[in-house]
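Engineer: Structure below; questions to follow.
The values are calculated or read from the model by the stated rules, or taken from the named source; none is laboratory data. Since the model is a prediction, treat every value here as computed from it, not as a measurement. All Cβ positions, glycine included, derive from the backbone under ideal geometry; neighbour counts span all protein chains shown.
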Amino acid sequence: MNIGLVIGVSLGYLLILFGIAYWGDKRSDQGRSVINSPYVYALSIAVYCTSWTFYGSVGLAAESGIHYLPIYLGPTLMAALFWIVLRKMVRISKVNRITSIADFVASRYGKSQMLGGLVTIIALVGLVPYIALQLRAVSDTFNVMVSYPDTSASQLAHTVPFYADTAFYVALILAVFAILFGTRHIDASEHHSGMVAAIAFESVVKLVAFILAGLVVTFVIFGGVGDLFSQAAAHPQLAELFHVGELSDYGNWIAFTLLAMVVVLVLPRQFQVAVVENVDESHVRKAAWLFPLYLFLINLFVLPIAFAGVLMFGYGEVNPDNFVLALPLSQEMQLLALIVFLGGLSAATAMIIVETVALATMLCNDLVMPALLRIRWLGLERRRDLTRLLLYIRRGAILIGILLGYAYVRVTGDMVGLVSMGLVSFCAVAQFAPALIGGIFWKGATRKGALAGLSAGFVVWLYTLLLPSFAQAGWLPATFITHGPWGIELLKPYELFGLSGLHQITHSLVWSMLVNLGAYVTVSLLTQQNTMERIQANLFVDVFRLSAERYGISRFWRGTATVDDLFDLLKRFVGEARARAAFERYARGRGLDLTQMREADSDLIQLCERMLAGSIGAASARVMVSNVAKGDVVSLEEVMEILDEASQVIAYSQQLETKSRELETATRELRAANEQLKQLDRMKDDFISTVTHELRTPLTSIRSFTEILYDNRDLDPDKRQEFLGIIISESERLTRLINQVLDLAKLESGAMRWYIRRYDLVEVLSDAATATSQLFKTKAVDLHLDLPDHPVPMDTDRDRLMQVIINLLSNAVKFTPAHTGRVTLRLTLLEEGGVKVEVEDNGPGIPTEDLPTLFEKFRQVGDALTEKPEGTGLGLAICKNIIQHLGGRIWVDSQQGAGTTFAFNLPPLDGSAKEDGKPAKPE
Amino acid sequence: MAPQSVLVVDDEPNIVLSLEFLMKEAGFDVRVARDGESALEAVRERPPHVILLDVMLPKRDGYDVCQTIRANPDWKNVRILMLTAKGRQIEQEKGLAMGADDYITKPFSTREVVARVRDYMPDDGA
């Protein structure tokens, strides 16, 4: 056929496609989207049927009968599950604004950039053979078109330099076309309405072309279905194909079916059209039967065409992959051939456009941009408008994807059939299935599990499929396949660990899936999710419940955050103790067991929000809680910023807390000091009041008797004498009191002057006894001295010590009964050095309740006695002060009815009793 | 007609002595008590017309004694003069609040004490 005609028609067709896309975009901009229809949606999903279907199925059917079928059986089975699986993926993607399968997987596992990048790389590497398939199909069929009946051209294609290679130009044209189609918009979450419209149109074209070819071949070239099948049954080699074959064939059959089943969901282009481009969830319901119907129709004539091809050309003369084109050409049906060629072109272009657009989005969003943003010197994060850069990256990505495909064509040449090339890709993208499908149904799956599964499966795929294909192409030694690397038989890539007898695809699939699933599940079970992962897992798995709520049924939080997440959040802002207390109070109040609760109810979430609001303000609290509770209300980056700011606020508030604690401490200390001052003030008040009272009492007597004497000049001399005596003794009492008050004041203020010299204590004590002997004699109380018979020298203040002993002795005399009273003054040398002085009496003793306050000022143990004791109530307070100043301690032992012993000790003088050389006030 | 009687209550022997002397000189019948309990005993035995009552007493203090006397309607005619050595206003007011008729601050003028007691005595011939 005329090469110009073929090129012209092809370019014309591409222009029509472009026109449709343009129109579709225009309509979409006007708000009258052409793709808002379940039929368009189903047709766009039919992008599944590529050159592989259009040409490859016939080739496969010609060689091995109905083995081409599992590739369509799988999707048909999956279509039955569309409502459960696909609809969920659609909902998740809409709610989370997912742009690609890499985004989907990354997002599910805590927005892991690493996972997104891995998925992108697997997709890029894995899809190269698939893109190569399309390129080869187009270039091969182009060559068939222009050179038929000379079929040798295509066989030699890979031997010519690239500039003479049809496939190279096909690649370039398709790249330009894909770039024009797919990268006009920049927001990947927007729908490519034009592209989808064009894809749907292409699906119609390829279906019509194929059915047309089938009808013509069956009913025009041959005499109908019956004729064709009976001829085929009579053909010796074709008859073989009616048998399904050995047991391993069943294995392959099942494996391929399962493979196709998952691949129809996880192929990047299928994900693009079925999930990202979906405009209405309800379309899924119709697509669930429209898509299988499409698959059925397009496969209807595969066997008839294959049989017809074999019957017409036999094996070897024409590549069976090209039968569908060669048949009309052989009958000189130029128009039909052209239509079939366009159908094939449709199948290939549709696939390449969508696949590369999807790949470009992934490469751009999940691999290149994250990497670029990390390179600081590019300063990308500061640039406002990255649109142009994004566009260039995507365009570059498309070009790279297609050129890689072309490179693969060059490398593998025509060693491999179309279907085999496609299956290699299928096997690669099938690695996404566990992480993706597992991720939307199993909350427990972790990021590490997904990473492990994906990487392991991908590595096995590389080893068992991609590397051997390089070996076949001569890039690696052929012994790599036949004897394993370094001659290790167990590692033969097509018979790994001795697993033989399987189709190489099945073999790779079994191993890669085994490793992938095993690693995914095991690692997931062994590792913990972080908060982000848990949020995302909930958002994905519970998407229907959550999204229903988000869209307005309930504005209350409900059951969407785990208790642990909330607790983690809360404790970060209010401290662990408060958070725990609040949760426990909450649980107690409702009789709940928090350890049994996984998901928090709305009340608990609101409680957290309220508590957080107290720490970081209501708006931030709302954002924080909604992030834990519902996930993607704000981006992770924003959350991090908020966290940053919040942690600064927390730091400030902690400083404030510290400050306020310090203030509290200071206040407490001040309050205590103030209390003490108040107490001192009260004591001073009491002291003054008491001193006043004590002064007024003798003064009262003195005044009274003085006035009496003054008024009664003729008083009886005896009486007069008695009254004067009273006046004298009361004056003495007054003097004593004043002296003691002054003494005490000096002692307490430290103004007392001390004269420390070396004295013999025995002598001092004897002198004190002598000084009080008159008191004892008057009351007829016996004073017994129990002193050492040798001098006891000690540095002390003689007068003060005398004052203490005299005070104790006169107290003793005062409280012992006359005549029977007995007082002992005892001096004991202590083993540890120092001395002990005791004044022991046989008086009535002191009530126990009075003992603690005995040495305080104006505490007289007199209330119990009818006779008020004489004395000022200051004596013991003065004694205590003096002894303490001398470094000793004074105490009392007393039992009621068994006498009293006052005692004090004095340490060997080591400077603890200091001579005060400079008194505050001179005496 | 019973003689005009005074009960002197104080725990300072010398003050008691001086008051006893003064009251006798003034012609009153004088009894003496050294603490609150014996003061009440003396009142129970025979209520005096006037009590000179010191505040600071052993056993039961002057306020207590004053309150007890005022609680008994039989003794409502007993005049109570409080003697206080503490100069603070609050002590005096407390005494009045407890039902004392008057108070005298120590040290006192002997003439004034006698005059006050006389003021509170019911008239001789009445």
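Engineer: Tell me which of these residue B:62 doesn't satisfy, since it passes every other one: (1) at pLDDT below 90; (2) more than 11 Å from the chain's Cα centre (by Cα); (3) surrounded by 17 or more Cβ atoms within 10 Å (Cβ to Cβ); (4) within 14 Å of chain A (Cβ to nearest Cβ).
Structural biologist: (2)
Engineer: For segment A:792-859, which fully contained strands (runs of 3 or more DSSP E) count at least 3 residues that are closer than 17 Å to residue A:774 by Cα?
Structural biologist: A:822-829
Engineer: Out of the residues in segment A:580-600 that are of a type in the set (A, V, I, L, M) and modelled with pLDDT of 80 or more, state the one that is farthest from the chain's Cα centre (by Cα).
Structural biologist: A:587
Engineer: Listed residues B:25, B:20, B:41; which is within 14 Å of chain A (Cβ to nearest Cβ) and farther than 27 Å from residue A:726 by Cα? Steps first, answer last, please.
Structural biologist: Working: B:25 fails: farther than 27 Å from residue A:726 by Cα; B:20 fails: farther than 27 Å from residue A:726 by Cα.
None of the other options fit; the residue is B:41.
Engineer: Let me ask you something else. Looking at segment B:44-59, which of the residues that are surrounded by 18 or more Cβ atoms within 10 Å (Cβ to Cβ) and out of contact with any Ser or Thr (no Cβ under 9 Å at 6 or more places or on another chain) is farthest from the other protein chains (Cβ to nearest Cβ)?
Structural biologist: B:51
Engineer: Considering each of A:690, A:697 in turn, give the residue that is within 19 Å of residue A:749 (Cβ to Cβ), modelled with pLDDT under 90 and within 11 Å of another protein chain (Cβ to nearest Cβ).
Structural biologist: Criteria check complete, one pass: A:690.
Engineer: I've got another one for you. Does residue A:730 qualify as being surrounded by fewer than 19 Cβ atoms within 10 Å (Cβ to Cβ), within 12 Å of chain B (Cβ to nearest Cβ) and either charged (D, E, K, R) or over 30 Å from residue B:23 (Cα atoms) (or both)?
Structural biologist: No, not satisfied.
Engineer: Here is a further query. So is residue B:73 more than 27 Å from residue A:693 (Cα to Cα) and within 12 Å of the chain's Cα centre (by Cα) or not?
Structural biologist: For residue B:73, the condition - more than 27 Å from residue A:693 (Cα to Cα) and within 12 Å of the chain's Cα centre (by Cα) - is not met.
Engineer: Restricting attention to segment A:179-228, which residues are over 24 Å from residue A:332 (Cβ atoms), of a type in the set (A, V, I, L, M, F, W, C) and modelled with pLDDT of 80 or more?
Structural biologist: At the first step, the residues of segment A:179-228 found to be over 24 Å from residue A:332 (Cβ atoms) are A:179-204, A:207, A:226.
Of the ones still in play, those that are also of a type in the set (A, V, I, L, M, F, W, C) are A:179-181, A:186, A:188, A:195-201, A:204, A:207.
Hits for segment A:179-228 are A:179, A:195, A:196, A:197, A:198, A:199, A:200, A:201, A:204, A:207.
Engineer: Can residue A:694 be described as in contact with a Gly (Cβ under 8 Å, 6 or more places away or on another chain) and in a helix (DSSP H, G or I)?
Structural biologist: yes
Engineer: Could you pull out the residue among A:737, A:715, A:747 that is surrounded by 12 or more Cβ atoms within 10 Å (Cβ to Cβ), assigned to a helix (DSSP H, G or I) and in contact with a Leu (Cβ under 9 Å, 6 or more places away or on another chain)? Lay out the reasoning, then the answer.
Structural biologist: Numbers: A:715 fails: assigned to a helix (DSSP H, G or I); A:747 fails: in contact with a Leu (Cβ under 9 Å, 6 or more places away or on another chain).
Checking each option against the conditions leaves just A:737.
Engineer: Right, next: Which of the residues belonging to segment A:707-762 are small (Gly, Ala, Ser) and in contact (Cβ under 8 Å) with a residue 12 or more places away in the chain? I'd like the intermediate steps shown before the answer.
Structural biologist: So in segment A:707-762, the residues small (Gly, Ala, Ser) come out as A:725, A:729, A:731, A:745, A:749-751.
A:731, A:749, A:750, A:751, listed by residue number.
Engineer: With respect to residue B:35, determine if the residue is surrounded by 20 or more Cβ atoms within 10 Å (Cβ to Cβ), among the charged types (D, E, K, R), within 14 Å of another protein chain (Cβ to nearest Cβ) and free of Cβ contacts under 8 Å to residues at least 40 places away in the same chain.
Structural biologist: On the way: surrounded by 20 or more Cβ atoms within 10 Å (Cβ to Cβ): yes; among the charged types (D, E, K, R): yes; within 14 Å of another protein chain (Cβ to nearest Cβ): yes; free of Cβ contacts under 8 Å to residues at least 40 places away in the same chain: yes.
Criteria met by residue B:35.
Engineer: Separate question: Could you list all residues from segment A:113-138 that are crowded, with 24+ Cβ neighbours inside 10 Å and not hydrophobic (A, V, I, L, M, F, W, C)?
Structural biologist: Of everything in segment A:113-138, those that are crowded, with 24+ Cβ neighbours inside 10 Å and not hydrophobic (A, V, I, L, M, F, W, C) turn out to be A:116, A:120, A:126, A:129, A:130, A:134, A:136.
Engineer: Okay, moving on. Can you confirm whether residue A:381 is within 22 Å of residue A:9 (Cα to Cα), of a type in the set (D, E, K, R) and at pLDDT below 80?
Structural biologist: Here the answer is no, as residue A:381 does not meet what is asked.
Engineer: I need the helices (runs of 4 or more DSSP H) fully contained in segment A:13-114, keeping only those with at least 2 residues that are modelled with pLDDT under 85.
Structural biologist: Correct list: A:57-64, A:70-80, A:86-96, A:101-108.
Engineer: State all residues of segment A:651-694 that are touching a residue at least 24 places away in the same chain (Cβ under 8 Å) and not acidic (Asp, Glu); if no residue qualifies, say none.
Structural biologist: The answer is A:653, A:687, A:690, A:691.
Engineer: Within segment B:65-91, which residues are within 13 Å of another protein chain (Cβ to nearest Cβ) and surrounded by fewer than 20 Cβ atoms within 10 Å (Cβ to Cβ)?
Structural biologist: Within segment B:65-91, B:86, B:87, B:88, B:89, B:90 qualify.
Engineer: With respect to residue A:661, determine if the residue is within 10 Å of another protein chain (Cβ to nearest Cβ), in a helix (DSSP H, G or I) and either at pLDDT 85 or above or out of contact with any Pro (no Cβ under 8 Å at 6 or more places or on another chain) (or both).
Structural biologist: no
Engineer: What do you reckon, is residue B:41 surrounded by fewer than 18 Cβ atoms within 10 Å (Cβ to Cβ) and without any contact (Cβ under 8 Å) to a residue 60 or more places away in the chain? Step through it out loud before you land on a result.
Structural biologist: Values: surrounded by fewer than 18 Cβ atoms within 10 Å (Cβ to Cβ): yes; without any contact (Cβ under 8 Å) to a residue 60 or more places away in the chain: yes.
Taking the combined requirement at face value, the residue satisfies it.
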